[in-house]
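Below you'll find the structure, written out as structure tokens, and then a few comments.
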Amino acid sequence: MTYKLKYTKEFEKNLKVLTHQEQKLVLNKLKLFIQDPFYPSLRTKKVQGLNNVFEMSVNMDIRILWKYDDGIIILLLDIGHHKNILGL
């Protein structure tokens, strides 16, 4: 199954803050993600304290917060460096 992605304005804004190299890495990880959100290298896990929100790793520093929106649609909520993104 291939998932479809939707983006929040917060995600789009914070994606633009990343370097060009980091943005390329994000795109490569999202290609894996739409095929299998729980692919092992993404290190996907449920975020404690947030209802139905998951976190995936782009690398050891950059994280993406997401949730299922409707069946095959995944809503990307936010992206950023680990120290910044978990300060929701």
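The set of residues from region 14-25 being among the polar types (S, T, N, Q) and open to solvent by 60 Å² or more (accessible area, probe 1.4 Å) comprises 19, 21. Counting only residues that are more than 10 Å from residue 76 (Cβ to Cβ) and touching a residue at least 40 places away in the same chain (Cβ under 8 Å), which one in region 1-13 is surrounded by the most Cβ atoms within 10 Å (Cβ to Cβ)? It comes out as 3. From the list 72, 62, 34, the lone residue that is touching a helix residue (DSSP H, G or I) at 6+ places or on another chain (Cβ under 7 Å) and open to solvent by less than 100 Å² (accessible area, probe 1.4 Å) is 62. The sole residue among 52, 28 that is open to solvent by 70 Å² or more (accessible area, probe 1.4 Å) and on the phi < 0 side of the Ramachandran plot is 28.
Sub-9 Å Cβ pairs linking a first residue in region 32-61 that is farther than 15 Å from residue 80 by Cα and modelled with pLDDT of 95 or more to a second residue that is hydroxyl-bearing (Ser, Thr, Tyr) and part of a helix (DSSP H, G or I), at least 6 apart or interchain, are 32/41, ordered by first then second residue.
The values are calculated or read from the model by the stated rules, or taken from the named source; none is laboratory data. All values reported here derive from a predicted model rather than from experimental measurement. Don't worry about glycine lacking a Cβ; one is built from the backbone with ideal geometry, like all the others, and counts go over all protein chains shown. The protein model used for the area step is the full one, side chains on, heavy atoms only, and it has no ligands, DNA or RNA in it. Shrake-Rupley method; radii C 1.70, N 1.55, O 1.52, S 1.80 Å.
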